[in-house]
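Only one structure is covered here, and it is reproduced in the block below.
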Amino acid sequence: MADIEEDTGAASLPNASSLHQYFALIGSLFYYTLILPIYKLLQLLVYLLSPLFYAVQFLLLPVTYLLGFVLNILGFPFRLEVRTKIETIYTYVGLAVLLGLIAAISLHAIVAMLSSVLGWDTPSSPPSYDTNQKPALRSAASHRASRRRKHQDSLEDMDSSDAANAVRTNTSPKSKRTTFFSPPVFKELDSELLELNST
């Protein structure tokens, strides 16, 4: 009976060589049913599209040379010994930036803490604006009327003779201002020059 138990025990557990055969069979089925057909299909696709690829490569040849030239120029500093010379400056500037950031953050924290302790951070009450009230929009007619009123007010402020003269000539009194080069100024300058020359 011990022989029977040994036979059933040996039959239930497969040995290592049969397990190797099972995995080899599964691997070969997987390879020949999935991987090999896909690989051959991709090879055929590359073979069929290769003339198109060579044509596109020929047409884009100037662009590829230009991009290669630009990349060569951009990579120039990294191929020379310039990198070792710049490294010191880069380290110095980097440390300066880091120290500046640390100092700025610490100063901000100190000022924020002091302002909260001393009560400086309480904002003064801003003026209250009525959000329901909309600003008055002016129409063209109201703008013309206000300009007409301003013009009438300026005419009333002037002397009666200046106002009558401005109405007759249809010019505003502002246009009658004398400039440096107007004739009365020249006359005054000439008279001052004559007085200076005579003395």
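Taking 7 Å along the Cα-to-C-beta vector as the label spot, tell me the residue 33-residue 157 distance in nanometres, rounded to one decimal.
Label-label distance for residue 33 and residue 157, simple model: 10.2 nm.
How much length, in nm to one decimal, is gained on full extension between residue 46 and residue 84, taken as 0.36 nm per residue of separation minus their Cα-Cα distance? Could the numbers behind the result be given before it?
Working: separation 38, 0.36 × 38 = 13.68 nm, distance 4.57 nm.
Fully extending the segment from residue 46 to residue 84 adds 9.1 nm.
Rounded if a/c is under 1.5, else prolate if a/b is larger than b/c, else oblate: which is region 17-74, with a ≥ b ≥ c the root eigenvalues of its Cα gyration tensor?
oblate
I need the calculated FRET efficiency for the pair residue 73 and residue 107, taking r as the beta carbon distance and R₀ as 41 Å, to the nearest 0.05.
Numbers: r = 42 Å, r/R0 = 1.04.
Result of the calculation: an efficiency of 0.45.
Could you give each residue of region 100-110 its phi-based ³J(HN,Hα) in whole Hz, using Karplus coefficients 6.51, -1.76, 1.60 with θ = phi - 60°, and x for Gly or Pro?
Here the 3J(HN,Hα) series is x, 5, 4, 5, 5, 5, 5, 5, 4, 5, 5 Hz.
Computed from the coordinates by the stated procedures, all read-outs in this text should not be read as laboratory data. Being a predicted model, the structure only gives us computed values, none of them experimental. Glycine gets a Cβ as well: all are built from the backbone with ideal geometry, and neighbour counts include every protein chain shown.
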